[in-house]
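Chemist: Let me begin by handing over the structure; questions about it come next.
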Amino acid sequence: MSATVAGARRVQRRHPLQSSDALGAASTHLGRHAVTLIVLLNKHLGLSHGKVAALLRDWFGLRVQPSGVTHALHRAARQATPTYDALREQVRGSPVVSLDDTSWRVAGALWWLWAFATGSTVVYAIQAGCGFAEAAAVLGADFDGVMGCGGWAPYPQFDQAAHQTSLAHLLRRCREITEAIRGRAGPARYTPCSNRRRRCATDSLRGDPRARGRRGARTPDHTTRRSPRRTRSRG
């Protein structure tokens, strides 16, 4: 409510939980709990703006248009900007960051969803491209830690960073090479020895300690580790 006294300024009441001082047609607004619920329904559960508005109407008696849901999401995004910036700085300062991207639709147009993960923090960014500039916008062009990534061409442009190819990519390449060898040479030329060496290489990539003890596995100095001969005692 507001009141105006002749010769004095207008006085307006305000509750501590009010999120806006708007009057007139804009005097009806959503509180922080309703906005939080809207964000969870849309971003976590994937409900469309129209379905979120229908749920608020049917279950809580809140009559909100889909456009009102959109404005509530934008308002929450503005309020969360300092938190997002702080999380991005944590990622930039991490010694190891794993990153990847995938296609994402924005109003029907092809965009890209980026993910940057550390041991304690994950930052997402939806951007119009999938090049070096987009990755550097989050990670920083001078990132000098370890990057866990795939073989996408822009990644090597982080020339101050160390690069660790994703083990999933390496394992997939091993399978592709195996299938290519089988298709070209046939089962007869694919010997058990080749099978054993391939298993050792695959287990090494997975970090399996049993690979070190297998016959034919390579030690760090590139020497072959052989099992000791067993001697039979004569009685």
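The values are calculated or read from the model by the stated rules, or taken from the named source; none is laboratory data. None of these values were measured; they are calculated from a predicted model. Reconstructed Cβ throughout: ideal geometry from the backbone, glycine too, with neighbour counts over all protein chains shown.
Chemist: Go through the residues of region 66-75 one by one and say whether even a single one is free of Cβ contacts under 8 Å to residues at least 60 places away in the same chain, touching a helix residue (DSSP H, G or I) at 6+ places or on another chain (Cβ under 9 Å) and farther than 30 Å from His29 by Cβ.
Modeler: Here is the first cut: in region 66-75, the ones free of Cβ contacts under 8 Å to residues at least 60 places away in the same chain are 66-75.
Checking the rest, the ones that are also touching a helix residue (DSSP H, G or I) at 6+ places or on another chain (Cβ under 9 Å) come to 66-70, 72-73, 75.
From the residues that got through so far, the ones that are farther than 30 Å from His29 by Cβ too are none.
The answer is no, given that none of the residues of region 66-75 is free of Cβ contacts under 8 Å to residues at least 60 places away in the same chain, touching a helix residue (DSSP H, G or I) at 6+ places or on another chain (Cβ under 9 Å) and farther than 30 Å from His29 by Cβ.
Chemist: Of the conditions (1) loosely packed, with under 12 Cβ neighbours inside 10 Å; (2) in the same structural domain as Ala54 (by TED's automatic domain parsing), Asp159 fails just one. Which one is it?
Modeler: Failed condition: (2).
Chemist: Examine region 33-43 for a residue that is small (Gly, Ala, Ser) and modelled with pLDDT of 75 or more, and state whether such a residue exists.
Modeler: Yes: one or more hits.
Chemist: Here's another thing I want to ask about it. Can you pull out the residues in region 46-70 that are buried (at least 16 other Cβ atoms within 10 Å of the Cβ) and in a helix (DSSP H, G or I)?
Modeler: Answer for region 46-70, where residues must be buried (at least 16 other Cβ atoms within 10 Å of the Cβ) and in a helix (DSSP H, G or I): His49, Val52, Ala53, Leu55, Leu56, Gly68, Val69.
Chemist: Moving on to the next point. May I ask you to list pairs of residues, at least six apart or on different chains, whose Cβ atoms are under 8 Å apart, with the first in region 167-190 being under 16 Å from Gly151 (Cα atoms) and the second being at pLDDT below 70 and not β-branched (Val, Ile, Thr)?
Modeler: Leu167/Leu205; Leu167/Arg206; Leu170/Leu205; Leu171/Leu205; Leu171/Arg206; Cys174/Arg198; Cys174/Ala201; Cys174/Leu205
Chemist: Same structure again: Right, Glu89: in a helix (DSSP H, G or I), farther than 27 Å from Thr36 by Cα and not hydrophobic (A, V, I, L, M, F, W, C) or not?
Modeler: On the way: in a helix (DSSP H, G or I): yes; farther than 27 Å from Thr36 by Cα: no; not hydrophobic (A, V, I, L, M, F, W, C): yes.
Answer is no for this residue.
Chemist: Would you pick out the residues in region 139-173 that are among the hydrophobic types (A, V, I, L, M, F, W, C) and assigned to a loop (DSSP other than H, G, I, E, B)?
Modeler: Passing the criteria: Ala141, Phe143, Trp152, Ala153, Phe158, Ala161.
Chemist: Still on this structure: List pairs: first residue in region 32-56 and on the phi < 0 side of the Ramachandran plot, second residue surrounded by 14 or more Cβ atoms within 10 Å (Cβ to Cβ) and charged (D, E, K, R) anywhere in the structure, Cβ distance under 9 angstrom, at least six positions apart or on different chains.
Modeler: Matching pairs, first to second residue: Val35/Arg75; Leu41/Lys51; Asn42/Lys51.
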